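What follows is one structure encoded as structure tokens, with my remarks underneath.
The values are calculated or read from the model by the stated rules, or taken from the named source; none is laboratory data. Just so you know, these numbers come straight off a predicted model, no measurement behind them. We place every Cβ from the backbone using ideal geometry, glycine too, and count neighbours over all the protein chains shown.
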Amino acid sequence: MSARDEILARIGKAVAGAEDVEIPRHYRTTQQADDLVGLFAERVDDYRAIVHVLPAAEVPAKIDELVAGRRMIRPDGDGWDDLNTADGVVTTCAVAIAETGTIVLDHGPGQGTRAQTLVPDYHVCVVRADQIVSCVPEAVARLAPARPLTWISGPSATSDIELNRVEGVHGPRTLEVIIST
Amino acid sequence: MSSTFLGMPGDFPKNAEKAVQNSQLRYNLRKATHTIRGKRASVVGELPDWQELRAAGKAIKDHTLRNLDRYLVQLEESVTRAGGTVHWARDAAEANRIVAGLVKATGETEVVKVKSMATQEIELNQALAAEGITAYETDLAELIVQLGDDFPSHILVPAIHRNRSEIREIFLDKMPKVPDNLTDDPPALAEAARLHLRERFLKSKVAISGANFMVAETGTLVVLESEGNGRMCLTLPRTLISVVGIEKLLPTWRDLEVFLQLLPRSSTGERMNPYTSMWTGAVEGQEFHLVLLDNGRTDVLADEVGRQALRCIRCSACLNVCPVYERAGGHAYGSVYPGPIGAILTPQLRGMGSELDASLPYASSLCGACYEACPVAIDIPEVLVDLRAKAPHSAAERAGMKVAGWILNDHERLARAQRAATKLRKLVPKRLPGPLSAWTDTRDVPEIPEESFRDWWERNERA
Ligand code: SF4
């Protein structure tokens, strides 16, 4: 018998006669929040990421200011293209979650490949206010599983040395989030 | 270390180093478990629907386990449709053989790894080494453990038994390019690890990972992490091999909405861990292999009481609240699964043939803190009691009794010896009651040769 068939047969035997289980979903699938932008900004800040909240019209100037003098990757345009020597990357995102201060990239237009947002030490992510959802269930519902997804909550971190939090081991050590309102 | 035993004669410092280290371990563990516990309590308290999430998490897992055969077949279809290849492994040897074969087929002799309990369980690194393949661990803690030629002691913070100066020594010793003036400042140590691994990430062609979840409906695999080494491994190499226990399955995409709340909050005590990667089949030109691992899990599934252990999402919340774990340390459990979950999982996965494994169900005072903390409501005390009834009684008793004779006595002596070491005065563990003391003691004491210890003690007693 193949390993597959044997494992499946063992499972069938192991659970024979066991009752099935109903799944109660009484948890919140949305959350009332008057100020999603404010909550998201506060939670991102909790992770020691840098947050800017700006009217859409002022975002381009802000980006120019942040990237001045740096070799930046531009996912869809002509930017620096050597990942390992680039200083940073500017991207958009797919969804953002207010309750947890998370941004999710689905690596669609404007978001680059997974490596482009990983190898450089500095990541600037522009989030549109209408991309911010209240909580995790809303985000899961908005995302397409067929795409590779990267959920980012603050900069890379470790607590492996005597439980001291250190920002930045392998991922970008500085995460800057611009919320465009 | 030996300076804490000032005034002690002869070769005792050397002999007792292990015990002192254990006290350091206990101190570190206490700090770690209490810190994480506090963080967890505050972020769990933030969610008004925590108990509803917990009930859903439990039910989703139970439903999955009840229909595991059907969902595994569905997963296989989904992953295959998305360009991945699925392999099945009855046991550790078969899984190791499959992985070694896949690595060899790429022509590579080096692989990078993300921390994965499943691959530790099957001792993949050793198996690969026997085939001439070197596996490099890339989590900071696992790197410390691997470079220090050591074993992990906590699910979440595997190097918690090492302090910063020990880590510095290990890095100076084992990292070729590390500067001599490396300090023991945590950011400096993290920077050293970053530089050490960066090159390796960029040139590696093969990576091996586990997964926290697999979604049957979509074929998606999910890895939660903090450092970014997971993203490096999952993203940069051309070939990705994931070894995952068959119980890691979730039926639907939607189910992630429950577990992406339960796991980070229970585990690191964060609202969300820094990075979560999700991928479905072969993406961005990669080659993807999924190795589904049984290795005793179907035996656990056959046990009506014990099968709930398969709900475990390896958050380590039960370790952090366990009074026994806090004193005994992770190594004491003799397996990659320490703490309360290890006490119920290891004897079921490995059977209770050895005395160590038969004694594990006694590694608890049945206080129930683990059950309260568990995000999927595994009734660990219930399983422990059930396993005690099933343990080959005489063997388990012997495990306790045999050591009890000299260890119980010597334990008291050891404790007093430790009290004598002034720097460690506050760290002396309290004795645990009943059969537990025998259990705890077995794990700590055998490192110390009985004779020299006695010699020392008797001389000091008289002095
Ligand atoms: S048994 Fe429960 S608390 Fe312990 S690691 Fe598993 S899921 Fe977490």
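Taking every residue in the stretch B:300-318 that is more than 12 Å from the ligand (Cβ to nearest atom) and pairing it with any residue that is among the charged types (D, E, K, R) and in a loop (DSSP other than H, G, I, E, B), at least 6 positions away or on another chain, the pairs with Cβ-Cβ distances below 9 Å are B:305/B:379.
Would you pick out the residues in the stretch B:207-238 that are under 22 Å from the mean Cα position of the chain (by Cα), at the interface with another protein chain (Cβ under 10 Å from one of its Cβ atoms) and among the hydrophobic types (A, V, I, L, M, F, W, C)? Matches in the stretch B:207-238: B:222, B:224, B:232, B:233, B:234.
Is it the case that some residue within the stretch A:158-173 is within 14 Å of the chain's Cα centre (by Cα), within 18 Å of residue A:45 (Cβ to Cβ) and more than 7 Å from every other protein chain (Cβ to nearest Cβ)? Lay out the reasoning, then the answer.
Step one: filter the stretch A:158-173 for residues within 14 Å of the chain's Cα centre (by Cα), giving A:171-172.
Those left that are additionally within 18 Å of residue A:45 (Cβ to Cβ): A:172.
Subset that is more than 7 Å from every other protein chain (Cβ to nearest Cβ): A:172.
Yes, the stretch A:158-173 contains at least one residue that is within 14 Å of the chain's Cα centre (by Cα), within 18 Å of residue A:45 (Cβ to Cβ) and more than 7 Å from every other protein chain (Cβ to nearest Cβ).
Out of the stretch B:371-397, which residues are within 12 Å of the ligand (Cβ to nearest atom) and more than 14 Å from residue B:308 (Cα to Cα)? Residues satisfying the conditions are B:372, B:373. Scanning the stretch A:116-142 for residues that are touching an Asp or Glu at 6+ places or on another chain (Cβ under 9 Å), buried (at least 19 other Cβ atoms within 10 Å of the Cβ) and either within 7 Å of chain B (Cβ to nearest Cβ) or in a loop (DSSP other than H, G, I, E, B) (or both) gives A:120, A:134, A:135, A:136, A:137, A:140.
Within the stretch A:17-44, the only residue that satisfies the criterion of being free of Cβ contacts under 8 Å to residues at least 40 places away in the same chain and in a helix (DSSP H, G or I) is A:38.
Just wondering, is there one or more residues in the stretch B:329-337 that are in a helix (DSSP H, G or I) and within 14 Å of the ligand (Cβ to nearest atom)? Walk me through it before giving the result.
Initially, the stretch B:329-337 is screened for residues in a helix (DSSP H, G or I), giving B:330-333.
Still in the running and within 14 Å of the ligand (Cβ to nearest atom): B:330, B:333.
Yes, the stretch B:329-337 contains at least one residue that is in a helix (DSSP H, G or I) and within 14 Å of the ligand (Cβ to nearest atom).
Tally up the residues in the stretch A:26-45 that are surrounded by fewer than 18 Cβ atoms within 10 Å (Cβ to Cβ) and within 8 Å of chain B (Cβ to nearest Cβ), please. The qualifying residues number 2. Among the criteria (1) polar (S, T, N, Q); (2) closer than 26 Å to residue B:44 by Cα; (3) out of contact with any Cys (no Cβ under 9 Å at 6 or more places or on another chain); (4) at the interface with another protein chain (Cβ under 8 Å from one of its Cβ atoms), the one residue A:100 does not fulfil is (3). Among the residues of the stretch B:73-89, those that are buried (at least 22 other Cβ atoms within 10 Å of the Cβ) and facing chain A (nearest Cβ under 8 Å) comprise B:88, B:89. When residue B:342 is tested against (1) away from chain A (no Cβ under 14 Å); (2) near the ligand (Cβ under 10 Å from one of its atoms); (3) touching a residue at least 24 places away in the same chain (Cβ under 8 Å); (4) not basic (Lys, Arg), exactly one condition is not met: (3). Filtering the stretch B:53-64 to residues that are in contact (Cβ under 8 Å) with a residue 12 or more places away in the chain and within 7 Å of chain A (Cβ to nearest Cβ) leaves B:53, B:55, B:56, B:60, B:62, B:63. Within 13 Å of the ligand (Cβ to nearest atom) and either over 12 Å from the mean Cα position of the chain (by Cα) or within 14 Å of another protein chain (Cβ to nearest Cβ) (or both): is that true of residue B:350 in this structure? For residue B:350, the condition - within 13 Å of the ligand (Cβ to nearest atom) and either over 12 Å from the mean Cα position of the chain (by Cα) or within 14 Å of another protein chain (Cβ to nearest Cβ) (or both) - is not met.
Here residue B:329 fulfils each of the conditions (1) more than 19 Å from the chain's Cα centre (by Cα); (2) at pLDDT below 95; (3) farther than 29 Å from residue A:107 by Cβ apart from (1). Consider the stretch B:106-152 and keep the residues that are among the hydroxyl-bearing types (Ser, Thr, Tyr) and buried (at least 24 other Cβ atoms within 10 Å of the Cβ). The one that is farthest from the other protein chains (Cβ to nearest Cβ) is B:119.
Would you point out the residue of the stretch B:33-52, among those that are under 22 Å from the mean Cα position of the chain (by Cα) and facing chain A (nearest Cβ under 9 Å), that is farthest from residue B:379 (Cα to Cα)?
Pass one, the stretch B:33-52, residues under 22 Å from the mean Cα position of the chain (by Cα): B:33-41.
Then keep just the ones that are facing chain A (nearest Cβ under 9 Å); that gives B:35-36.
On the way: B:35: 24, B:36: 21 Å.
Among residues in the stretch B:33-52 that are under 22 Å from the mean Cα position of the chain (by Cα) and facing chain A (nearest Cβ under 9 Å), the one farthest from residue B:379 (Cα to Cα) is B:35.
Can you pull out every residue in the stretch A:4-16 that is among the small types (Gly, Ala, Ser) and either facing chain B (nearest Cβ under 7 Å) or not in a helix (DSSP H, G or I) (or both)?
First pass over the stretch A:4-16, keeping only residues among the small types (Gly, Ala, Ser): A:9, A:12, A:14, A:16.
Result: A:12, A:14, A:16.
So for the stretch B:79-98 (the condition being within 16 Å of residue B:221 (Cα to Cα) and acidic (Asp, Glu)), does at least one residue qualify? Within the stretch B:79-98 (the criterion being within 16 Å of residue B:221 (Cα to Cα) and acidic (Asp, Glu)), the answer is no, since none of the residues qualifies. A single entry from A:63, A:50, A:73 fulfils the requirement of being touching a Gly at 6+ places or on another chain (Cβ under 9 Å) and away from chain B (no Cβ under 14 Å): A:73. Assess whether residue A:178 counts as being among the aliphatic types (A, V, I, L, M), within 9 Å of chain B (Cβ to nearest Cβ) and within 16 Å of residue A:43 (Cα to Cα). No; evaluated as a whole, the condition is false for this residue.
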